[in-house]
Amino acid sequence: MEQMPIELEIGWRDMDAGVSRLKRILHGVDGQSFSSEEYIHLYTTIFNMCTQKPPHDYSKQLYERYKKTLEDYIKSIVLPSLKEKHGEFLLRELVERWKNHKEMVRWLSRFFHYLDRYYVSRKLLLPLRELGMSCFHDLVFNELKTTLATIVIDMVDDERDGQLIDRALVKDVLGIYVEIGRGSLGVYELDFEQDFCKGTADYYSKKAQTWMLEDSCPEYMFKAEECLQKEKERVTHYLHSSTESKLLEDTMLELISRRAEQILNKENSGCRVLLFDGKTEDLSRIYRLFSKMEDGLSQVSQIFKEHVNEEGMSLLKHNERKEVVCSMEQDFVRKAIELHDKHLTYITSCFQNHTAFHKALKEAFELFCNKDVAGCSSAESLAAFCDNILRRGGSEKLSDEAVEETLDKVVNILTYISDKDLFVEFHRKKLGKRLLFDKSVNNDHERSLLSKLKQYFGGQFTSKMEGMLLDMTTARDHQTKFEAQNYPESIPGVDLSVTVLTTGYWPSYKTFNINLPSEMVCIPNCYLVELLLE
């Protein structure tokens with residue numbers, strides 16, 4: 001026997017009773033959830049009303065009544081309860097109502113599931129769950145979104161000012177923005193994030209104006225870095241992760257970027273003062289903050305370059321007043337090395353070895369290192385400084401390790417000298433004197449310096465000086481062999497020391513004609529014979 005069709009109003013009477021019971025469950029009046037039998041009855045009712053032959057297929061009417069059921073509930077229950085609340089109480093009520101709404105949509109979409117599977121997919125309509133979210137968005141969210149955003153932004157500003165706020169509540173509210181977007185962040189970005197970032201910019205713009213008047217550069221930078229860190233933490237506590245980059249960018253813009261020049265050049269505490277006083281912690285903070293800003297490090301490195309150049313020019317002026325030229329040369333090179341060490345430490349410890357600061361250091365040293373020191377070129381001063389270290393009787397008394405370290409630093413300074421060939425000539429002359437008069441402290445140090453120069457400037461730079469050392473080694477070998485020979489008794493026992501120099505390696509020396517006594521003429525001839533026999 002064919003089953004009689006269920007009329008729309010008769011079938012809906014059962015559904016309406018199920019909806020009423022669902023409302024009581026949500027409001028805590030009815031503590032017992034739907035039994036399996038109740039759920040199956042409601043599901044079957046919808047199923048039968050959707051599968052009946054026309055004109056008793058009520059799929060369209062049921063879809064419309066599903067939507068109207070939600071809209072009526074929102075208008076009669078949800079909106080009135082929200083409109084009577086304000087501030088944080090409104091946020092808490094919203095969170096509770098959203099939670100109930102999602103539960104209501106979950107149950108109704110289960111009851112109407114058959115409608116979702118066939119009618120909705122055929123007609124390309126919004127799925128029931130999405131339709132439920134859309135109802136809440138259109139009727140509740142659009143009504144309150146401006147008020148909600150204002151309350152949340154005020155709470156965040158309160159937290160920035162040191163007050164405690166309910167972070168979990170803020171997180172739940174912002175979670176609604178994300179959920180209601182149905183897989184898109186459009187609602188969150190348009191209805192909250194834009195206003196929030198603008199509010200952040202306004203907040204920090206006012207703070208920055210006050211701090212710039214009240215605080216020193218280090219104090220201001222400390223506060224700015226602390227604010228950036230707290231904003232980053234704010235994202236982890238309750239904001240969506242996509243907000244982080246925009247939030248930090250707006251904070252940086254107001255605290256640093258718009259006031260970069262004021263900060264760096266702040267009177268009595270700016271970047272130059274910090275460099276002069278060796279405030280490494282504050283300089284590190286400047287680097288960390290300005291590295292986040294486009295073109296920020298170029299401003300800091302320019303100040304760094306100007307500071308190093310000013311320090312270098314101060315050295316030149318200081319040494320011009322010295323009365324003893326030799327002392328002046330030594331003092332200038334020594335102070336230049338100390339200056340280089342100090343600012344190289346800034347680069348490695350404060351500026352994380354950034355290339356912009358290495359370049360700035362190089363350019364600054366090139367500016368003042370190529371100026372004369374009281375009539376002496378820097379190349380001559382460096383050569384004299386090396387001579388003082390490597391010459392026996394020099395004023396610099398250093399251990400072997402200290403000599404090596406100092407020679408490394410001298411070569412570093414030499415890289416900034418434009419006329420390096422002039423240094424070679426001065427150094428070669430002084431090297432010749434040390435070798436010929438046996439004044440060199442240690443030939444190993446001489447070779448080490450040449451090795452360092454060769455590494456930096458190439459073999460052509462040191463070839464002649466290497467030849468000079470080779471000549472001295474060869475001469476010692478020949479001398480040893482010559483002294484080991486047994487000469488006839490007719491040759492008087494006269495001590496003879498000969499050093500043969502290779503033309504082109506050594507500097508030009510003035511020559512003298514020597515007339516030896518007849519008794520000594522044969523001795524050089526003997527040495528020459530031995531040399532030729534080899």
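The values are calculated or read from the model by the stated rules, or taken from the named source; none is laboratory data. Quick caveat, the model's predicted, so the values are computed rather than measured. No Cβ is skipped: glycine too gets one built from the backbone with ideal geometry, and neighbour counts run over all protein chains shown. Ligands, DNA and RNA are stripped out before the accessible areas are found, and what is left, the full protein with its side chains, is counted by its heavy atoms. Shrake-Rupley method; radii C 1.70, N 1.55, O 1.52, S 1.80 Å.
Below, the figures for the structure above:
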quantity	calculated
HN-Hα J in Hz across the range 78-95 - Karplus 6.51, -1.76, 1.60, θ = phi - 60°, x for Gly and Pro	5, 4, x, 5, 6, 5, 8, 10, 9, x, 5, 5, 5, 4, 5, 5, 4, 4
Hull shadow area, averaged, the range 154-265 [alpha-carbon convex hull, nm²]	6.8 nm²
Semi-axis lengths (Å, descending) of the ellipsoid that matches the C-alpha gyration tensor of the range 24-108	32, 17, 8
C-alpha center-to-center spacing [the range 154-171, the range 242-269] in angstrom	23 Å
Helix-only CD estimate at 222 nm, as mean residue ellipticity for the chain, using -39500 (n - 2.57) per DSSP H run (n ≥ 4)	-22500 deg cm²/dmol
Helix 142-160 vs. the chain, principal-axis angle (Cα, 0 to 90°, nearest 10)	40 degrees
Length-normalised contact order for the chain - Cα pairs under 8 Å, 6+ apart - percent	7 percent
In order through the range 165-182: 3J(HN,Hα) via Karplus (6.51 cos²θ - 1.76 cosθ + 1.60), integer Hz, x for Gly, Pro	10, 7, 5, 4, 5, 4, 4, 5, 5, 5, x, 5, 4, 6, 5, 6, x, 6
Rg [Å, one decimal], Dmax [Å, integer] - the chain, C-alpha atoms	44.7, 156
Taking only Cα atoms of the range 68-183, radius of gyration then Dmax in Å	16.2, 56
Protein accessible area in the chain, 1.4 Å probe - carbon and sulfur %	50 percent
Per-residue ³J(HN,Hα) for the range 497-511, Karplus 6.51 cos²θ - 1.76 cosθ + 1.60, θ = phi - 60°, Hz, x for Gly and Pro	10, 10, 10, 8, 9, 7, 4, x, 7, 9, x, 6, 10, 6, 9
Sorted peptide list for 458-470, 93-105, criterion being average Cβ within 10 angstrom, highest first	93-105, 458-470
For the chain, size of Cβ-based charge dipole, Lys and Arg +1, Asp and Glu -1, in debye	1020 debye
Rounded to 10°, Cα long-axis angle of helix 378-390 versus longest principal axis of the chain	70 degrees
Dipole axis of the chain (+1 Lys, Arg; -1 Asp, Glu on Cβ), positive-most option in G467, N442, I514	G467
With 10 Å bins from 0: P(r) over the range 58-111, alpha-carbon pairs, percent	22, 46, 23, 8, 1
Quotient of C-alpha Rg and 2.2 N^0.38 Å, computed over the range 1-155	1.18
Charge dipole (the chain, unit charges on Cβ, about Cα centre) - positive-most of Q194, Y118, W107	Y118
Nonlocal amide H pairs with S440, under 5 Å, H built at 1.01 Å	R392
Helix 243-255 vs. the chain, principal-axis angle (Cα, 0 to 90°, nearest 10)	60 degrees
Proximal lysines relative to K60, as straight alpha-carbon distance under 20 Å, when same-chain residues fewer than 8 apart are discounted	K68, K123
The chain, accessible area per residue, ligands and nucleic acids excluded (1.4 Å, Å²)	54 Å²
Net length gained if the chain between L344 and N443 were fully extended (0.36 nm per residue, minus Cα distance)	32.6 nm
Kirkwood estimate for the range 391-459, i.e. one over the average of 1/r between Cα atoms, Å	12.8 Å
